[in-house]
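Each remark here refers to the structure printed beneath this line.
The values are calculated or read from the model by the stated rules, or taken from the named source; none is laboratory data. All of these numbers come straight from a predicted model, not from anything done at the bench. Cβ placement follows ideal geometry from the backbone for every residue including glycine, while neighbour counts extend to all protein chains displayed. Quick note on the areas: whole protein, heavy atoms, side chains included, nothing else; ligands and nucleic acids left out. Shrake-Rupley method; radii C 1.70, N 1.55, O 1.52, S 1.80 Å.
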Amino acid sequence: MQPQFANRLDKALSSIRKYTDFAPNIALITGTGLAGLLRDIEVENTIAYGDIDGFPVSTAPSHKGELIFGHIGDTKIAAQNGRFHLYEGWSGEDIVLPVYVMAKLGAVSYLTTNAAGALNETYRVGDIMMIEDHLNFLGIHPLAGQNDENLGPRFPDMSRAYDPDLRKLAIKVAKKLQIEVQSGIYAAVHGPEFETSAERRFLRSSGGDAVGMSTVPEVIAANHAGMKVLGFSAITNQATGGEDQQPDTLEEVLQNADVAAADIRRIILEMIKDGCLK
Ligand code: HPA
């Protein structure tokens, strides 16, 4: 990281403190087409990214660009409605700035969602996949450069990047709600182009079950910052790269994200109500 990152983080935190002294339990980030997940939050405060010193601004479709502070029952949630992607031209540091903001505000759990294509041939559009682990094919590493020990260790452990206890609880809650949930590996690529069929076959043979253009920088940073991560992918399109590969469109992604979002929302809500996600 650049030596100026700590200063940038301080400025962002000071901007937020002008509006609220909110201390979240959970940080939530909504992926493409998944803003519906925010509907359960009783909002106390909303801050546009543009009003936060040093924050990037959202340019991706369906990513609104605001921080939402509120609660579900007794659980306090700070949500990033709109994420930043490498394909928009943002750097790794831009993308992870909000993650460190959340950690410094007090969040201990980091809940991430995204839209993803299915590399796994057994997955169906509309499925949800709990992220078991990830593959970083982004070509960048958000912690490269100088390490700031106040943010986290130089060589953070990633052997449990997605918290095993939270994953178990999510599966249990999904069963209780009779929601079928896949459990798989998320492969992150740079974008903005959808992958070629050859790339998709390569990603699948490398162990990927779903492919997307986000999430991994934030999850690396969340682990660096000591937060526990839980992640879900909404399977929005088939991405197996086989003979029957359909052309990909944003419209398809947005439409199908909506279907899967409903199930992700129910699982998250139930976990919070149960008190097992806090
Ligand atoms: N590839 C990359 N990102 C995506 C996809 C995909 O097939 N679907 C949704 N986001």
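Structure values in brief
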item: Residue within region 245-253 that is open to solvent by 40 Å² or more (accessible area, probe 1.4 Å), within 10 Å of the ligand (Cβ to nearest atom) and part of a helix (DSSP H, G or I) present; result: yes
item: Any hit, region 27-36, residues being surrounded by fewer than 17 Cβ atoms within 10 Å (Cβ to Cβ) and either closer than 20 Å to L97 by Cβ or modelled with pLDDT of 90 or more (or both); result: no
item: Residue list for region 173-222, filter: aliphatic (A, V, I, L, M), within 14 Å of the ligand (Cβ to nearest atom) and part of a loop (DSSP other than H, G, I, E, B); result: M213
item: Single residue of region 204-244 satisfying the filter (at pLDDT 95 or above and acidic (D, E)) that is least open to solvent (accessible area, probe 1.4 Å); result: E218
item: Some residue of region 106-122 being assigned to a helix (DSSP H, G or I), surrounded by fewer than 23 Cβ atoms within 10 Å (Cβ to Cβ) and away from the ligand (no atom under 16 Å from the Cβ); result: no
